[in-house]
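Only one structure is covered here, and it is reproduced in the block below.
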Amino acid sequence: MTALRERIEAEFEQIERVLAELPERRPYSDLSILELAGVSTLLHNFYNGIENILKHGVQYRELGVPDGASWHRDLVNLAASENLISTSTAETLKPFLAFRHFFVHAYAIDLHSKRLEPLSQKARDVFASFKIDIERIFLPNQ
């Protein structure tokens, strides 16, 4: 459990660093395409950290990490069905999962501030809920 705790805590730290870099004071409509690409990368990093923690959790529980074309979605569903995260937390992750797919398969010139700004504004709250769920299961007495 010590190694799992260390991996989860390291991911938490990285996610917190990523979230700290998201712009808060400037309207996203004022950002250049290059800046939007940077925000997109940070949002992708945020979700990647979430997935890394979920993978650690299902591996620790010996549930097996899903594979196949829909493994990203299946991982969230598995984590929720096994009560590693709450159903409500799983629901809040879905827009980030959809964005992850878009980010991987789209061109940077297709990024739009109207899509990125709401995700950025929700990311901290989503992470707080996720972190509570994970700490409850894997990091008790912290």
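Structure notes:
- Any hit, region 110-132, residues being touching a Leu at 6+ places or on another chain (Cβ under 8 Å), part of a helix (DSSP H, G or I), hydroxyl-bearing (Ser, Thr, Tyr) and under 30 Å from residue 31 (Cβ atoms): yes
- Some residue of region 56-68 being in a helix (DSSP H, G or I) and farther than 21 Å from residue 126 by Cα: yes
- Near pairs, Cβ below 7 angstrom, 6+ apart or cross-chain, from region 11-40 (over 30 Å from residue 55 (Cα atoms)) to any residue that is modelled with pLDDT under 95 and surrounded by fewer than 15 Cβ atoms within 10 Å (Cβ to Cβ): 33/108; 33/109
- Test: residue in region 22-42 that is surrounded by fewer than 16 Cβ atoms within 10 Å (Cβ to Cβ), under 13 Å from the mean Cα position of the chain (by Cα) and either of a type in the set (Gly, Ala, Ser) or part of a helix (DSSP H, G or I) (or both): yes
- In summary, residue 117 fulfils each of the numbered conditions (1) over 22 Å from residue 5 (Cα atoms); (2) surrounded by fewer than 18 Cβ atoms within 10 Å (Cβ to Cβ) with the single exception of condition (2).
- Close pairs (7 angstrom Cβ cut-off, 6 or more residues apart or separate chains): farther than 13 Å from residue 11 by Cβ in region 52-73, surrounded by 13 or more Cβ atoms within 10 Å (Cβ to Cβ) and charged (D, E, K, R) anywhere: 61/82; 63/82; 65/55; 66/74; 72/51; 72/100
- Residue ID - farthest from residue 100 (Cα to Cα), chosen from residues in region 115-137 that are of a type in the set (Lys, Arg) and at pLDDT 95 or above: 131
- Filter result for residue 99 (part of a helix (DSSP H, G or I), among the hydrophobic types (A, V, I, L, M, F, W, C), touching a Phe, Trp or Tyr at 6+ places or on another chain (Cβ under 8 Å) and crowded, with 16+ Cβ neighbours inside 10 Å): yes
- When residues of region 130-139 are limited to those that are buried (at least 18 other Cβ atoms within 10 Å of the Cβ) and of a type outside the set (Phe, Trp, Tyr), the one nearest to the chain's Cα centre (by Cα): 131
The values are calculated or read from the model by the stated rules, or taken from the named source; none is laboratory data. If you're wondering where the values come from, they're calculated on a predicted model, not measured in any experiment. A quick note on method: Cβ atoms are made from the backbone with ideal geometry, for glycine too, and the neighbour counts reach across all protein chains shown.
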